[in-house]
Amino acid sequence: MKKNTVRRFGALVVGLSLLAGACGSDDAATEDTTVTEESVVDEAGSELAGMKGTTPLVELTSEFKDAVNAFWTGKGNEALTDFNYTAESFDAVLLIALAAEAAGTDGSALADQIVAVSKDGTKCSPATWADCIATVKAKGDVDFDGFSGPNTMNGNGEPLEASYGILQFGAGNRLDDSLTTYQLANAPASAVLPLSETGVSRKGNGVLKIGGLLPETGNLAFLGAPMIAGVEYAIDVLNKNGGVLGKPVEYSAGDSGDTSTDTASVTVDRLLKEGVDAIIGAASSGVSLTVIDKITAAGVIQFSPANTSPKLTSYADNGLFFRNAPPDDLQGAVLAELIVADGNQSVYILALDDAYGTGLANVVEEVLTAAGIEIKGKKIYDPKATTFDAEVGEVVAANPDAIVLITFDEGSRILRTMVENGVGPKAKKVYGVDGNIGNALGENFDAGK
């Protein structure tokens, strides 16, 4: 059994050109593309075996996972099997709590302290939470390291470093945890930005109230339970340790839906009327872009544990938008390095048409091209399409070594069509990303969804 390993990836394209130079020339155009019955009908339940993907992820401790599950199942929910963005959601709540204590308010001024409590101070963590609170109450500086990692933030409120899990499907169309590896990525020095100050003043009432804008429905619903569990468990931990500003933290849950509905806007309107101080979410960058102006104009913090679109890096957010999921210029580079290291010489990219899909596709294309890998096509598709026969037909015609799928839950239907046309993971090297890589993908594939 292969042990989990950690590799560091410091610059966006370091080492890629050297790897590409060792790959040789592209002879794929001369290969036989005949689709045989054997290639179409794979071993039942293992059609996805070998597919790999990247997602922001650290090697979570069993203690953390067990504690979250004990809390979550204790509320009558099914046990979590995936923990995508659970730690990030937990840490987002604790960063907000620390910032409120440092600022002495639940008003918008707490936003000016979120970056400060993430770095350049006395190290503290959830395990030493009492020390964290004591230090900030004494007007000292803290450097909070959470379950999702260091959480060291740039001046614009996004992480400067990240850990990615490289996941792989095995038998039964489920992830094989024994094959998971971890890779660290750091933003280049040129990405470091000065601190953004809050542009809207809103007074607090002394009670920190957090709202949820997380995917209970929609094409990222598979991320809902892991993220909601992280948020609610964090609030439970805070309240069992004295709350924030001397009072219990309040929470109001809410659904984000996806960009095909106005669910997020309806939820945000309700949360703002309830007087929340911060909103955790959305999971989808596209959804966040539909409500960010409304949230930040009200002087309320929006903190996403999962948004990765580069569009949010320089967005005019009044200094009130934060995320501890890394932007996709980091994920795109990690994915590209993986593709090159696996010996591929040509790639076809399929990406959904939204801020997340197009942004990540552009980064992957840019880094692979710089490494000398041939991009045989980049298709931006409508995720609401009823079929993906035309898109997959273009992949078959291009005959690449590898296929990158930047999708949400429609990825299972795309994969089904790919398998039926002889370009599934058994025939080609297929790579996913955080929008689809998880056991829910295998479950949906098996169910024909």
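Can you pull out the residues in the stretch 163-197 that are under 17 Å from LEU312 (Cα atoms) and not in a helix (DSSP H, G or I)? Passing the criteria: ALA187, VAL192, LEU193, PRO194, LEU195, SER196, GLU197.
For the stretch 32-44, does any single residue satisfy the condition of being modelled with pLDDT of 50 or more, over 22 Å from the mean Cα position of the chain (by Cα) and open to solvent by 40 Å² or more (accessible area, probe 1.4 Å)?
Yes, the stretch 32-44 has at least one match.
The criterion of being over 21 Å from the mean Cα position of the chain (by Cα), modelled with pLDDT of 95 or more and aliphatic (A, V, I, L, M) holds for ALA402. Out of GLY377, GLY393, one residue alone is in a strand (DSSP E or B) and open to solvent by less than 40 Å² (accessible area, probe 1.4 Å). It is GLY377. If you go through the stretch 284-308 and keep only what is open to solvent by 10 Å² or more (accessible area, probe 1.4 Å) and among the hydrophobic types (A, V, I, L, M, F, W, C), you end up with LEU289, ALA297, ALA298. Annotation note: of ALA351, ALA333, the sole residue that is assigned to a helix (DSSP H, G or I) and on the phi < 0 side of the Ramachandran plot is ALA333. Is at least one residue of the stretch 253-267 open to solvent by 10 Å² or more (accessible area, probe 1.4 Å), of a type in the set (D, E, K, R) and assigned to a strand (DSSP E or B)? Within the stretch 253-267, one or more residues are open to solvent by 10 Å² or more (accessible area, probe 1.4 Å), of a type in the set (D, E, K, R) and assigned to a strand (DSSP E or B). In the set (1) within 18 Å of ILE96 (Cβ to Cβ); (2) touching a residue at least 60 places away in the same chain (Cβ under 8 Å); (3) surrounded by fewer than 23 Cβ atoms within 10 Å (Cβ to Cβ); (4) more than 17 Å from the chain's Cα centre (by Cα), the condition left unmet by GLY170 is number (1).
The residues of the stretch 178-207 that are closer than 30 Å to ALA100 by Cβ, of a type in the set (Val, Ile, Thr) and at pLDDT 90 or above, listed by number, are THR198, VAL200, VAL207.
Look at the stretch 313-341: where a residue is surrounded by 21 or more Cβ atoms within 10 Å (Cβ to Cβ) and a partner is of a type in the set (Asp, Glu) and assigned to a helix (DSSP H, G or I), sitting 6+ places away or on another chain with Cβ atoms under 8 Å, you get GLY319/ASP112; ASN324/GLU88; ASN324/ASP91; ALA325/GLU88; GLY332/GLU366. Note on the stretch 109-145: residues that are farther than 21 Å from VAL192 by Cα, open to solvent by less than 30 Å² (accessible area, probe 1.4 Å) and assigned to a strand (DSSP E or B) amount to 1. Could you tell me which numbered condition ILE349 fails, if it satisfies all but one of (1) surrounded by 24 or more Cβ atoms within 10 Å (Cβ to Cβ); (2) of a type outside the set (Asp, Glu); (3) in contact (Cβ under 8 Å) with a residue 60 or more places away in the chain? So ILE349 meets the others, but not (3).
Taking the stretch 396-432 as the range and being in a loop (DSSP other than H, G, I, E, B) and closer than 16 Å to ASN219 by Cβ as the test, the residues that pass are THR407, PHE408, ASP409, GLU410. THR358 meets all of the listed conditions (1) within 18 Å of the chain's Cα centre (by Cα); (2) buried (at least 24 other Cβ atoms within 10 Å of the Cβ) but one, namely (2).
The values are calculated or read from the model by the stated rules, or taken from the named source; none is laboratory data. On a predicted model such as this, the values are computed, not experimentally measured, just so you know. Note: ideal-geometry Cβ built from the backbone for every residue, glycine included; neighbour counts use all protein chains shown. Protein only, heavy atoms only, side chains kept; ligands, DNA and RNA dropped before computing areas. Shrake-Rupley method; radii C 1.70, N 1.55, O 1.52, S 1.80 Å.
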